[in-house]
Amino acid sequence: MTRSVFRDETILLQEYLPHQIPHREAQLKKLELYFQSVAQNASKASQTVMITGPVGSGKTMIAKKLLFESLPRKAALYGNLVKVLHVNCRIDRTLQAIMVKALKSLGQSYPTRGYSFEELLTALVEELRSNRMHLVIAFDEVDSLVTSDPTSLYTITRLRELAPGNQVLSSILISKTTDYLKKVDLSTLSSLQWNEISLDGYPSEQLFDIINSRSEAFTDGALDDDAIQFVADIAAVYGDARYALDLVWRAGKLADDSESPRVLPEHIRSAKASLPPQLRKEELTYLTTHQKLLLMAISALLKKGDSTSVTIGEVEKSYTALCENMNVTAYHHTQVWSDVNELSRKGIIETQLSGKGVRGRTTMIGLSLVSAKELMGELEKGMVADVRA
Ligand SMILES: Nc1ncnc2c1ncn2[C@@H]1O[C@H](COP(=O)(O)OP(=O)(O)OP(=O)(O)O)[C@@H](O)[C@H]1O
Ligand SMILES: [Mg+2]
């Protein structure tokens, strides 16, 4: 049997809940403090905490550390029974489905159809009360729930008012940005009282520590500091720990394929080439029609040309032409500008101020995550229906 550079590759899996969480200890502590009152006084306290941050910044990880490790344990010390549930709202797409899941986690089985949300909620609250339990639900990727049902947020944040003096539910809302709040009406917004933990993408030094903390996945000497640094530098462009860990794992696989006892720079380069940090296709469906049109204009220009970026002026011209073609009224400069900023904040495009050149300073736009061709393909699929709507 050939030897492997891995000692235990499961340590690099995305689902693995690490013991060490470099550069997130303070944020986890903060989260734990927010839930201190629930642990201590489960029937009197209820909490709503929002966690935001870009892709791979550790949002799901710190939520799970709280839910599956510290909180139930701490609550038990105070003689309280705290149950936890983590749901991904892209998978469980309605509050009803989430209630069914919550009931199931308590051993109560309800069909996914046939009961209204209110009925399910009443059953859940009853169940929790009669067992003197408090349930904390983490609504991961909550933006997709709120986008499809704007009242859901109101409902979630009002859970604590169901039974003042006898609290049974708390929630954690996880999302990349707070953009989804824009779709929520003002009276809901003003009734929301939550605490926010906002995470940043990881710079290279922090990614180094994160990869290093998972290096027991490798046999001794198979992944040296130079290799770790190389991966950290590549992934730092995105600040994404998931990408960094995927890259390390894939590089290890390539080392094994070539029967190398160590991960070499060439394995990392090949892994990088084979693994573009995926632009999530779902991400595109949340964009407005005009943002999609802008993206199409950008991809078309980039695909045609041989440069890595185009000016905002060129983009605007091509976008206006595209709108005309599709019989859509084009937006004016200010709105185009703000959409470009939004796309850039979402990490789909990259904007940069050009150096003082022939044309003076201008904003240059490039694609960060995918090839122009791939993006065009995705956009075209959704666009026809979109423009007709
Ligand atoms: N500080 C850290 N230390 C160790 N591992 C980390 C750290 N931050 C993130 N990771 C790991 O990186 C991966 C991605 O983290 P996580 O799933 O929490 O990202 P996320 O912020 O939820 O991203 P997304 O928005 O894409 O869901 C996970 O495997 C996680 O264990
Ligand atoms: Mg996540």
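Taken together, the values in this text are just the output of simple stated rules run on the coordinates, not laboratory data. In this text the structure is predicted, and so the values were computed from the model without any measurement. Cβ: placed from backbone, ideal geometry, glycine included. Neighbour counts: every protein chain shown.
If you average the alpha carbon positions of segment 64-124 and of segment 245-264, how far apart do those two centres end up, in angstrom?
Taking the Cα centre of each part, segment 64-124 and segment 245-264 sit 40 Å apart.
Taking every DSSP beta bridge with both residues inside the chain, roughly what % is antiparallel (nearest 5)?
30 percent
Tell me, Ser105, Ser309 in order of fewest to most beta-carbon neighbours within 10 Å?
Placing the least packed residue first, the sequence is Ser105, Ser309.
In percent, how large is the relative contact order of the chain, given Cα pairs closer than 8 Å and 6 or more residues apart?
18 percent
From the phi angles alone, apply the Karplus equation (6.51, -1.76, 1.60; θ = phi - 60°) to segment 26-42 and give each ³J(HN,Hα) in whole Hz, x where the residue is Gly or Pro.
5, 5, 5, 4, 4, 4, 5, 5, 4, 9, 4, 5, 5, 4, 7, 9, 4
As a footprinting exposure proxy, order Leu287, Leu189 by other Cβ within 10 Å, with the fewest listed first.
Values: Leu287 20, Leu189 13.
Ordered from fewest to most neighbouring Cβ atoms within 10 Å, Leu287, Leu189 come out as Leu189, Leu287.
Calculate the translational D of the chain in whole µm² s⁻¹ from Stokes-Einstein, where the hydrodynamic radius comes from the Kirkwood formula applied to all Cα pairs, the temperature is 37 °C and the viscosity 0.692 mPa s.
140 µm²/s
Quick one: which of Lys59/Lys83; Lys83/Lys292; Lys317/Lys373; Lys74/Lys346; Lys64/Lys346 span more than 30 angstrom between C-alpha atoms? Intermediate values should be presented prior to the final figure.
Details: Lys59/Lys83 20 Å; Lys83/Lys292 42 Å; Lys317/Lys373 20 Å; Lys74/Lys346 37 Å; Lys64/Lys346 24 Å.
Where the Cα-Cα span goes over 30 Å, the pairs concerned are Lys83/Lys292; Lys74/Lys346.
Applying a 10 Å radius around every beta-carbon, put 8-19, 334-345 in order of their mean neighbour count, most first.
Result, highest mean Cβ count within 10 Å first: 334-345, 8-19.
Restricting to DSSP H runs of at least four residues, report the calculated mean residue ellipticity at 222 nm for the chain, -39500 (n - 2.57) per run over all residues, nearest 500 deg cm²/dmol.
Rounded to the nearest 500, the figure is -14500 deg cm²/dmol.
Can you list the aspartates and glutamates whose alpha carbon sits under 20 Å from that of Lys29, skipping same-chain ones fewer than 8 residues off?
Glu69, Asp140, Glu196, Asp200, Asp209
Along the principal axes of its C-alpha atoms, what lengths does segment 202-274 span, in descending order and rounded to whole Å?
Sorted largest first, the three principal extents are 32, 25, 17 Å.
Order of Val125, Val168 from fewest to most other C-beta atoms within 10 Å?
By the 10 Å Cβ count, ascending: Val125, Val168.
Can you give the percent of C-alpha pairs in segment 25-198 whose distance is more than 27 Å?
20 percent
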